[in-house]
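The values are calculated or read from the model by the stated rules, or taken from the named source; none is laboratory data. Computed from a predicted model, the values in this text were never measured in an experiment. Counting neighbours? That spans all protein chains shown, and the Cβs are built from the backbone with ideal geometry, glycine included. In case anyone asks, the SASA skips ligands and DNA or RNA and just uses the protein heavy atoms, side chains included. Shrake-Rupley method; radii C 1.70, N 1.55, O 1.52, S 1.80 Å.
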Amino acid sequence: MPEAKARSADLPSESRSLIDSALRTLDAEMGGVTALAAAMRDGLGKPFLAAVDLIRRARGRVVVSGMGKSGHVGRKIAATLSSTGTPALFVHPAEASHGDLGMITPDDVIMALSWSGETAELKNLIDYSRRFRIGLVAITADAESTLALAADVVLPLPPVREACPHNLAPTTSSLMQLVLGDALAIALLESRGFTALDFRTLHPGGRLGDALRFTRDLMHTGEAMPLQPLGTRMSGAIVEMSAKGFGCVGITDAQGQLIGIITDGDLRRHMRSDLLDMAVEDVMTKRPKTVRPDQIASEVLELLNSSKITALFVVEHARPLGIVHLHDLLRAGVA
């Protein structure tokens with residue numbers, strides 16, 4: 001920290017003032033999140049549970065709506081909900097008044113965002129929800145606002161000052177809306193038991209999709225696997241290791257089950273003049289670490305890193321189906 005302060009002191013005064021501005025913004029927004037956490041431990045917790053329950057019981061989707069910055073935040077909340085197992089969509093409140101109300105069904109729940117709770121464009125959406133008895137969750141800072149008074153569940157945001165020096169531009173307030181939306185999405189995810197495998201189904205593309213591929217999609221199979229049976233001399237095992245290029249060889253019993261592994265490290269530990277004449281069972285490491293074919297690639301990478309090894313056999317019912325190398329995971333974009 002002293003070094004950082006020294007570097008800051010070396011900057012021109014205008015640059016230092018901009019950094020000070022950035023720090024004030026960060027402090028203000030962290031203060032908003034801190035206030036939200038304090039509220040959750042106090043009065044906000046009860047309506048939060050009610051909102052989770054209302055959304056979980058809904059047979060339809062969560063229809064998120066908001067105007068201006070609240071609308072931009074609402075789009076992100078809808079995307080996060082959808083990607084974590086709670087079907088959701090965003091409906092623009094102005095477009096809702098011109099036909100998009102038809103996108104909303106009685107099985108849905110509406111989540112409306114408005115810091116003031118008096119956003120005029122939300123009026124028809126609110127009226128529609130009341131007319132057809134569609135659940136309405138309000139995220140607002142005014143518990144006595146038009147939106148709040150009409151809602152089934154109100155999530156009141158604690159009053160805070162915006163990071164904007166004029167206390168006008170939505171900054172801290174937008175972050176608090178976003179954080180509360182994330183909290184709802186994750187609470188729903190956990191309450192439904194949404195797993196990494198479920199996540200993979202909804203994220204087949206991009207870096208997330210790569211990290212959530214199965215081991216069976218990346219493993220080498222058949223003749224590519226370095227395997228030798230019990231009783232093999234080490235000279236043969238070393239030839240197999242060199243030919244297959246994984247830096248290891250798996251040892252199988254008479255039933256074809258993987259019972260051991262010999263790695264470069266095992267060779268170094270047993271290096272002596274008669275090594276080539278030794279039997280593989282005298283050198284191998286018993287009960288080697290293995291992975292399942294349906295294991296997520298990111299989990300395999302974590303195991304490789306934590307164990308400080310570069311390859312793992314993929315087994316099912318103790319029989320080796322394939323082998324996966326660290327480089328396979330890196331090439332696939334799992335890291």
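Tell me which DSSP H helices of the chain clear both cut-offs, 27 Å or more of axial length from alpha-carbon atoms and a mean Kyte-Doolittle hydropathy of at least -0.5.
13-41, 172-192
Roughly what % of DSSP beta bridges within the chain run antiparallel, to the nearest 5?
Here the antiparallel bridges make up roughly 40 percent for the chain.
Could you work out the relative contact order of segment 1-95? I mean the mean sequence separation of Cα pairs under 8 Å and 6+ apart, divided by the number of residues, in percent.
Taking the mean separation of contacting Cα pairs over the length of segment 1-95, I get 19 percent.
Checking the cross-link filter: which lysines have an alpha carbon closer than 16 Å to that of residue 123, excluding same-chain neighbours under 8 positions apart?
none
Please go through segment 29-109 and write out the trypsin sites (Lys or Arg not before Pro) that DSSP classes as loop and that have at most 13 other C-beta atoms within 10 Å. The partial results should precede the final answer.
Working: sites: 41, 56, 57, 59, 61, 69, 75, 76; in loops: 59, 61.
Filter output for segment 29-109: 59.
Roughly speaking, what is the stretch gain from residue 217 to residue 131, that is 0.36 nm per residue apart minus the C-alpha to C-alpha distance, in nm to one decimal? Please list the in-between numbers first.
On the way: separation 86, 0.36 × 86 = 30.96 nm, distance 5.11 nm.
So the chain would gain 25.8 nm between residue 217 and residue 131.
Residue 286: which lysines have alpha carbons under 28 Å from its alpha carbon, excluding same-chain residues fewer than 8 sequence positions away?
Within reach: 244, 308.
Net charge near residue 76: determine it from the other residues with C-beta under 15 Å of the C-beta of residue 76, scoring Lys and Arg +1 and Asp and Glu -1.
Working: positive: 69, 75; negative: 182.
Local charge sum for residue 76: +1.
Accessible area per residue for the chain in Å², computed with a 1.4 Å probe and the full protein assembly in place, what is it?
For the chain, the solvent-accessible area averages 53 Å² per residue.
Accessible area, 1.4 Å probe, largest first: how do 317, 270 sort?
317, 270
For residue 34 and residue 274, calculate 0.36 nm times their separation in residues minus their Cα-Cα distance, and state this gained length in nm to one decimal.
Numbers: separation 240, 0.36 × 240 = 86.40 nm, distance 6.70 nm.
Value of the extension gain: 79.7 nm.
What net charge is computed for the residues neighbouring residue 225, neighbours being all others with C-beta under 14 Å from the C-beta of residue 225, Lys and Arg scored +1, Asp and Glu -1?
Neighbour charge sum, excluding residue 225 itself: -1.
Could you tell me what percent of the DSSP beta bridges with both partners in segment 214-335 are antiparallel, to the nearest 5?
Antiparallel bridges make up about 75 percent of those DSSP assigns within segment 214-335.
Of all accessible surface on the chain at a 1.4 Å probe, what whole percent is carbon and sulfur?
Percent of accessible area from carbon and sulfur atoms in the chain: 55.
In terms of Cα to Cα distance under 19 Å, which aspartates and glutamates are near enough to residue 69, apart from those fewer than 8 places away along the same chain?
Reachable aspartates and glutamates: 29, 95, 118, 121, 142, 162, 182.
Using just the helices of the chain, give the 222 nm mean residue ellipticity in deg cm²/dmol: DSSP H runs with n ≥ 4 each add -39,500 (n - 2.57), and the total is spread over all residues, rounded to 500.
-13500 deg cm²/dmol
Under 10 Å, Cα contacts only: if you run a Gaussian network model on the chain, which one of 51, 94, 22 comes out with the highest mean-square fluctuation?
22
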